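Undergrad: Have a look at the structure that comes next, please.
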Amino acid sequence: MSAAEGPLVVGVDTSTQSTKALVVDVATGQVVASGQAPHTVSSGAGRESDPRQWWDALCEALRQCGSAAHEAAAVSVGGQQHGLVTLDAHGEPVRPALLWNDVRSAPQARRLIEELGGPKGWAERTGSVPAPSFTVTKWAWLAEHEPEALRATAAVRLPHDYLTERLTGEGTTDRGDASGTGWWASATEAYDEETLAHVGLDPALLPRMVRPGEVAGTVRASDELPFSPGTLVAAGTGDNAAAALGLGLLPGTPVLSLGTSGTVYAVSTRRPADPTGTVAGFADARGDWLPLACTLNCTLAVDRVAALLGVDREAVEPGTSVTLLPFLDGERTPDLPHASGVLHGLRHDTTRGQLLQAAYDGAVHALLGALDLVLDEDADRTAPLLLIGGGARGTAWQETVRRLSGRPVQVPEARELVALGAAAQAAGLLTGEDPAAVARRWETARGPVLDAVERDEAALARISGVLSDAGPLLERGTD
Ligand SMILES: Nc1ncnc2c1ncn2[C@@H]1O[C@H](COP(=O)(O)OP(=O)(O)O)[C@@H](O)[C@H]1O
Ligand SMILES: O=C(CO)[C@@H](O)[C@H](O)COP(=O)(O)O
């Protein structure tokens, strides 16, 4: 037996690059065991992963947790948002999942916006103007490019739905993740039948919606899993909504997450509807809202620049006059799905460290540009930015965010906030508590606050200038 005080729960984060599992003591929030296993994502034109890999990674991560996982009384899964998982009549993937950062559905996104009410109509109905990340655009892409895959599809799931269903045997989802599909109406909190009919998706293929605080099911018997049959399974949610739970976020506190995606968000009690499309009007996992902006190029893009330069990711040097727009994967914020990276201002005396700093600056500039837009009028605009995700561990990321935001930055000591949020959701099932209150009781946001420094207005203006001058270059692809 573990030395835990309370019952144990398992929280899972199945994000783009890996699946992580934490075994957490409900009484104290102590992480008593953890595991992690990687996924592969296709390169080239699209971004795809085999969902069966996520399951194998989950089983491996749980194995690494050892005996503690056997004692868990409840489990919950937080997962990368938007991915289109198509299953056949036997529950097997028809094809690899199309991921959130696959921009091939940009033409379908544009068409759907025009055909179904324009940006304002979409924002009012669903809370968001669908970017190519949104599941509905991927379904439309599949209909056009692989109609045979569509015909073979008997169930449509999001990544967290897929794993939850493999745990329970039942197709379920939640409002947080459903709000990133484009076929969930935030105005009515129900599947949007007009959109579904328009894209030829039978609502019977979609999972049942589990309400906040409800049980999704119980773990079915499986030799692969450490859980006892009957272990409770919570609704789960998208990874950003899970991290909001994991931080015990109160309305108005801004979060900057630096992972494969960069995201900036806050919880709000008001339903967002931004017709410019910069802010996605997601639901959170509790009953509030999660206005959020997302970039496609964050830690991987900066790490790629460091690798090209042959330097460590921390080897930045100040004084750069170079501008690097690190749009290696196309971009979502700003909405430039066909863009590639752009470098401007190179001189004989530019150093590798300055070039690397320019990549950090470009990535952070894109995120901070959306910060004011995700905050509603009640937000405290001087409160520290909570910095999370793998990149938050890096000094160069921390310093770049401080310099370009001019705000204090708080770096929680807890590392896996998505998995902790899922654990808090599972704990809430057992204790009847609000999961965000569970996380606050666990003090998951505790960590050093780095003081504000003067905002580097010159760098922000230089990057904005290059972004605007490079307009036509960024609109077109590299072919
Ligand atoms: N010490 C560190 N300093 C800077 N970046 C880091 C550090 N450790 C991990 N990372 C970055 O974190 C990223 C993974 O972050 P994570 O939030 O786990 O990703 P995801 O949830 O998208 O799978 C990697 O791409 C890596 O660049
Ligand atoms: O598309 C979004 C949010 O809208 C991304 O934030 C994905 O949810 C992937 O997250 P990570 O794997 O980068 O955590």
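Undergrad: With a/c under 1.5 counting as rounded, go ahead and sort region 101-214 into rounded, prolate or oblate using the C-alpha gyration tensor (a ≥ b ≥ c being the square roots of the eigenvalues; past the cut-off, prolate if a/b is larger than b/c, else oblate).
TA: Because a/c hits 1.5 or more and a/b fails to exceed b/c, region 101-214 counts as oblate.
Undergrad: Still on this structure: Go through region 180-190 residue by residue and turn each phi into a ³J(HN,Hα) via Karplus (6.51, -1.76, 1.60, θ = phi - 60°); whole Hz please, and just put x for glycine and proline.
TA: Those phi angles translate into x, 7, x, 10, 10, 8, 6, 5, 10, 6, 8 Hz.
Undergrad: Along the charge dipole of the chain, Cβ charges K/R +1 and D/E -1, which of Leu22, Leu87, Thr478 sits furthest on the positive end?
TA: So the residue we want is Thr478.
Undergrad: Continuing with this model, one more query. How large is ³J(HN,Hα), in whole Hz, for each residue of region 304-314 in order, when computed from phi with the Karplus curve 6.51 cos²θ - 1.76 cosθ + 1.60 and θ = phi - 60°, using x for Gly and Pro?
TA: Coupling constants for region 304-314: 5, 5, 4, 5, 4, 7, x, 10, 5, 5, 8 Hz.
Undergrad: Projecting each Cα onto the charge dipole of the chain (Lys/Arg +1, Asp/Glu -1 at the beta carbon, about the Cα centre), which of Val77, Gly390, Gly310 comes out farthest on the positive side?
TA: After comparing all options, I get Gly310.
Undergrad: Okay, moving on. Let me know the shape class of region 310-376, please: from the alpha-carbon gyration tensor, a ≥ b ≥ c as square roots of the eigenvalues, rounded when a/c is under 1.5, otherwise prolate if a/b is greater than b/c, or oblate.
TA: Verdict is prolate for region 310-376.
Undergrad: A follow-up question, please. What is the dipole size for the chain, taken about its Cα centre, with +1 at each Lys and Arg Cβ and -1 at each Asp and Glu Cβ, in debye to the nearest 20?
TA: Value, rounded to 20: 380 debye.
Undergrad: Please say if region 14-169 is rounded, prolate or oblate, where rounded means a/c under 1.5 for a ≥ b ≥ c the square roots of the C-alpha gyration tensor eigenvalues, and otherwise the choice is prolate for a/b larger than b/c and oblate otherwise?
TA: prolate
Undergrad: Arrange the following residues from fewest to most other Cβ atoms within 10 Å of their Cβ: Cys294, Cys59.
TA: Sorted ascending by nearby Cβ count, the order is Cys59, Cys294.
Undergrad: Two decimals is fine: what is log10 I(q)/I(0) at q = 0.07, 0.12 Å⁻¹ for the chain, from a Debye sum with one equal scatterer on every Cα and no solvent?
TA: -0.33, -1.02
Undergrad: If you find the alpha carbon centre of region 176-219 and of region 66-113, how far apart are they in angstrom?
TA: 14
Undergrad: Among Gly465, Pro412, Thr299, whose Cα sits farthest toward the positive end of the charge dipole of the chain (+1 at Cβ of Lys/Arg, -1 at Cβ of Asp/Glu, about the Cα centre)?
TA: Gly465
Undergrad: While we're on this one: Per DSSP helix of 4 or more residues, -39500 (n - 2.57); summed, then divided by the residues of the chain. What does that give at 222 nm, rounded to the nearest 500?
TA: Theoretical 222 nm ellipticity from helices: -9500 deg cm²/dmol.
Undergrad: Sticking with this one: Would you list Thr16, Thr86 from fewest to most Cβ contacts within 10 Å?
TA: Thr16, Thr86
Undergrad: Once the cut-off is 26 Å, how many percent of the Cα-Cα pairs in region 291-439 end up in the long-distance tail?
TA: Tail of the P(r) past 26 Å holds 35 percent of the pairs.
Undergrad: Still on this structure: Working only with C-alpha atoms, what are the Rg and Dmax values of region 1-106, expressed in angstrom?
TA: Over region 1-106's Cα set, Rg and Dmax evaluate to 16.0, 52 Å.
Undergrad: For the residues Val215, Val210, Val411, what sequence is obtained by ranking on other C-beta atoms within 10 Å, fewest first?
TA: Val215, Val411, Val210
FYI, it's all coordinate maths here, none of it is from the lab. Note that the structure is predicted; figures quoted are calculated from it, not measured. Ideal geometry is used to build each Cβ from the backbone, glycine not excepted, and the neighbour counts take in all protein chains shown.
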